[in-house]
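The values are calculated or read from the model by the stated rules, or taken from the named source; none is laboratory data. These numbers were taken from a predicted model, which means no experiment stands behind them. Note that each Cβ is placed from the backbone with ideal geometry, even for glycine, and that neighbours are counted across all protein chains shown. For accessibility, only protein heavy atoms count, side chains too; no ligands or nucleic acids. Shrake-Rupley method; radii C 1.70, N 1.55, O 1.52, S 1.80 Å.
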Amino acid sequence: MDRRLLDGLGVTATEEGAYRALLRHGPATLTELAAETEASVAGLRRMLPRLEDLGLVARLAGRPLRLVATPPHLALDALAARRQEEIAHSRAAAALLTAEVADRTGPQPEELVEVVIGQAAVARRYLQIERNATEEFLVLVHPPYAVDIGADLEEWAPRSWARVRGIYGPRAFEDPGMFEHTRRAIAEGEQARLGHVPMKLAVADRRAAILPLGSEEDRAVESALVVHPSALLDALVGLFEVLWRTATPLRPAAFRSFASDLGEPSQAGALPVAPLGDFDADVLALLAAGLKDDAIARQLDVSLRTVQRRVRSLCDHLGAGTRFQAGLLAAHQNLLGG
C-alpha cells in the first residue's frame, strides 16, 4: 500500500488498509474485504469493533454481515475532533502534573541537566526546544550543526513565533547553504550579528539551553547537554549577552536578488555610492565573518574570480589595506547593519 494518511489520527496501518480497501470496493462481506487486503477473515472480525469505534465503518442490515465505509469527510472530521479533544485533555493533565512537581521544595540536582546521546536524538531535542520557544530564542552559531541544513533548510528553519537573536562565528558560513539560510532568517525577523563564538549554544525563553558535549573539532554533534533553570543556565544567558554587545550587526535588508550586481564596475575601483548593492554587502558581511575568497564564492554561488574582483574593488572603495580590514571598516561605517 502507498504512504499512510491516517497515522496522525490514531489509525494503524492495518486499520487504514481495511478502510481504504472498503472505500475502493464498496459494501463488502468480511470474505470479500479479506481478498482486497492482507488481513484474514478472522483478523478482520477481531478488528471490526475497533473500526466501528473509530467511526470508519458501519454494518448493513441483513445476512451475511456486510460492511460499508463511512464517507471520508464525515469519518475524518470526527476523528480530528476527537484527537483535538484528547490533546486538550493532555494539556490540562500536563498543567496538573506541573503543579504537583511545584509542590516539592524545588528541582533536584539531577533534574537540572540532561544528557542526550546520538545525532538523531540531539537533532530532535534541539528542534523540540526551538519550537517550544514563545518569547525569545538565542543562538550562538558554529559548525557542526545538529540539523543538516544542506539537506533540508525548511526543517532547520525556526518554527515558533519567538524573537530570534543569533551570533555567527567566523566558521559559521563554511557549510554550503548556511548564508542562504541566514538570508531567510533575517528576512523573517531574526536579529543577526557577527562576533566571537566560543561554543555552540541555543537558549529558549531563558528556560532551557542546549549545547554540544563534544570538542570543536568534531564533524558531527553526537551528544549534547540540556540545561534547565539553574545558576548554570543564568551563566550561559549572561555569556550570550556579553558576546551580543560586542558583536557586529548584519544588515537587516529584505535580501533582494543580487544577480544584477554581478557586472563589472564602470571604472576600475569605482563602486556606486552607498548604500551598497546586495551582492557587495553580502561580500562585506562574509569578509567580516572571516571567510576566505573561495568560501565566499561557494556561499554566493559565483566564481572565485568574481569574488576576488569585488573584494579588490571594495578594499579600494573603503580605503582598506586588507580583506579583513575591509570587513571591519564596513562594520564601523554601518554598512552591515541598520
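In the range 3-25, the residues that are under 20 Å from residue 46 (Cα atoms) form Cβ pairs under 8 Å with partners that are outside any helix (DSSP H, G or I) and of a type in the set (Lys, Arg), at six or more places apart or across chains, as follows: 13/4; 16/4. Here the range 191-214 is the region considered, the condition is being open to solvent by 30 Å² or more (accessible area, probe 1.4 Å) and in a strand (DSSP E or B), and the residue that is farthest from residue 245 (Cα to Cα) is 212.
Between 322, 246, the distinction of being β-branched (Val, Ile, Thr), open to solvent by 60 Å² or more (accessible area, probe 1.4 Å) and modelled with pLDDT under 75 belongs to 322 only. If you go through the range 154-187 and keep only what is open to solvent by 60 Å² or more (accessible area, probe 1.4 Å) and modelled with pLDDT of 85 or more, you end up with just 163. The set of residues in the range 48-79 being part of a strand (DSSP E or B), open to solvent by 50 Å² or more (accessible area, probe 1.4 Å) and either among the charged types (D, E, K, R) or within 13 Å of residue 6 (Cβ to Cβ) (or both) consists of 59, 66. Could you go through the range 18-35 and let me know if any residue there is surrounded by 14 or more Cβ atoms within 10 Å (Cβ to Cβ), of a type outside the set (A, V, I, L, M, F, W, C) and within 26 Å of residue 84 (Cα to Cα). Yes. Counting the residues of the range 21-47 that are assigned to a helix (DSSP H, G or I) and either in contact with a Phe, Trp or Tyr (Cβ under 8 Å, 6 or more places away or on another chain) or of a type in the set (A, V, I, L, M) (or both) gives 11. The requirement of being over 24 Å from residue 301 (Cα atoms) and open to solvent by 20 Å² or more (accessible area, probe 1.4 Å) is satisfied by residue 241. Among the residues of the range 215-228, those identified as open to solvent by 30 Å² or more (accessible area, probe 1.4 Å) and at pLDDT 90 or above are 225, 228.
It is to be established whether one or more residues within the range 72-88 are in contact with a strand residue (DSSP E or B) (Cβ under 7 Å, 6 or more places away or on another chain) and in contact (Cβ under 8 Å) with a residue 12 or more places away in the chain. Scanning the range 72-88, I find no residue that is in contact with a strand residue (DSSP E or B) (Cβ under 7 Å, 6 or more places away or on another chain) and in contact (Cβ under 8 Å) with a residue 12 or more places away in the chain, so the answer is no.
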